[in-house]
Amino acid sequence: MNLQLDKFNDSVAGTIFYKLPENEQKFIKEKSIEFKFSFSQIRQIVDMARDLDMWNEKTIEEIFPEHSLHTLREKKVVFSRLKKAYEELRSKPNSYNGFELKNQRDEQKFTFKTETKEGFGLGLCPVASEKTRCCNLLTLDAVESCGFDCSYCSIQSFYNQNTITFDSGFAEKLKNLNLEKNRTYHIGTGQSLDSLLWGNREGILDALFDFARQNPNVILEFKTKSDNIKYFLQNCVPKNIICTWSLNTPTIIQNEEHLTASLDKRISAARRVADKGVKIGFHFHPIVEYENYLDEYGEVYTRLLKEFQPDEVALVSFGTLTFIKPVIKQLRERDFRSKITQMPFEDASGKSSYPHVTKVEMFKHAYESFAPWHKKVFFYLCMEEHEMWSKTFGYQYATNNDFERAMLAAYTKKLQMEFLI
Ligand code: SF4
């Protein structure tokens, strides 16, 4: 018995076992000792228990299979039946009906810090890879950490979420940034954080707008889930600036994009910025599969076609959920509710994502829904495998550089800028 107990304690060490409800801890311990489950089986059961709670599904106790004997063979049968029951819940079409949120951050409580930061937050897009067809986006982080709480965000897992840090040397570093004058750049400021959430705090928008004015060969993209557009409305916006909104369905915004602006607020903010003559764009990333998702996304696509003209819109991008193991581990450590990992995982260039067939379905539906804008707006897939392009658009780029060139050519044309290569 003590041997079994010691083995059990070793197995759960370093896992989220002690974060599970006490009754579930008791149940898992009893069953693990009763069936002499292995080290790996016990750790899997702990993760299953956490996932089931995060998804707001039945508990590990409720899905644990009936059993009578305690033979070795029975142990194998019981564990594989348990795994099967769990995988069935993971792969069933998600529904947010009756989904109860738990421990959501419903209020922004932040500590703001301004300090001299080492280095400068300009670099290649943090999620770019040669394994996927990528646009070589350069990203510029004006601030460290984001105030929103999107459950699927892989980047936030690397920051302290309650401390927002501004670099006191940001404006100076930006001014001294020495870029080639005879080349067009595409720089995004909203990859690791929201570009507009903090407005012009610490003068970050002043610095970025000046940077755009000093570097007319740079296409500077502000990407946001907010409606904090005051600075854009009150200031003259250089023509090489585009402002883009990440959009999603109201169901996903309400259940997975916490603290962000509602769909209505985002779309009306985009409308007001476009009315000022600033080119805008829309990112549907992640498109999430759940019951009736195609209809709900279709409504959003149709609304954009009604409320915007293609000459106002520089881009529309599509992407979906992809997870790396550290992020899944991070999500399990948070005691909250999300259905974002309740999906049949398939390998996607070393990451976990939806099965190929699901991605083709969602991307084709998205692209075809924008048929009136084809050839007038630049469409692209973000962080997707090469062949997903031809399955979605009927064409694909041979290299990331080709993709980047096509994107820059389209953006400079829409912005009436010279395209320098
Ligand atoms: S396609 Fe997406 S992931 Fe790849 S570099 Fe561009 S923005 Fe980043």
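The values are calculated or read from the model by the stated rules, or taken from the named source; none is laboratory data. What you are looking at is a predicted structure, and each value in this text was computed from that prediction instead of being measured. Heads up, the Cβs are rebuilt from the backbone with ideal geometry, glycines too, and the neighbour counts pull from every protein chain shown. Protein only, heavy atoms only, side chains kept; ligands, DNA and RNA dropped before computing areas. Shrake-Rupley method; radii C 1.70, N 1.55, O 1.52, S 1.80 Å.
Scanning the stretch 55-72 for residues that are modelled with pLDDT under 95 and in a helix (DSSP H, G or I) turns up just one, 72.
From the list 194, 167, 149, the one residue that fits, being touching a His at 6+ places or on another chain (Cβ under 8 Å), of a type in the set (D, E, K, R) and modelled with pLDDT under 95, is 149.
When 319, 277 are screened for being of a type outside the set (Ser, Thr, Tyr) and in a loop (DSSP other than H, G, I, E, B), only 277 passes. The condition (being of a type in the set (A, V, I, L, M, F, W, C), open to solvent by less than 10 Å² (accessible area, probe 1.4 Å) and under 24 Å from residue 169 (Cα atoms)) is satisfied by just one residue among 267, 219, 287: 219. Can you tell me which residue is modelled with the lowest pLDDT among those in the stretch 369-404 that are more than 12 Å from the ligand (Cβ to nearest atom) and aliphatic (A, V, I, L, M)? Looking at residues that are more than 12 Å from the ligand (Cβ to nearest atom) and aliphatic (A, V, I, L, M), I get 398. Going by what's in this entry, would residue 264 be described as part of a loop (DSSP other than H, G, I, E, B), of a type in the set (D, E, K, R), within 28 Å of residue 338 (Cβ to Cβ) and over 15 Å from the mean Cα position of the chain (by Cα)? The answer is no for residue 264.
Scanning the stretch 115-141 for residues that are farther than 24 Å from residue 286 by Cβ and not polar (S, T, N, Q) yields 115, 117, 118, 119, 120, 122. Taking residues in the stretch 170-193 that are open to solvent by 100 Å² or more (accessible area, probe 1.4 Å), and partners anywhere that are outside any loop (DSSP other than H, G, I, E, B), the pairs with Cβ atoms closer than 8 Å and at least 6 places apart or on different chains are 175/207; 175/210; 175/211; 175/214. Quick one: how many residues across the stretch 106-151 are open to solvent by 30 Å² or more (accessible area, probe 1.4 Å) and touching a Pro at 6+ places or on another chain (Cβ under 7 Å)? Summing the residues that are open to solvent by 30 Å² or more (accessible area, probe 1.4 Å) and touching a Pro at 6+ places or on another chain (Cβ under 7 Å) in the stretch 106-151 gives 0. Within the set 343, 417, 407, the sole residue that is more than 25 Å from residue 257 (Cβ to Cβ) and either surrounded by 20 or more Cβ atoms within 10 Å (Cβ to Cβ) or within 16 Å of the ligand (Cβ to nearest atom) (or both) turns out to be 407.
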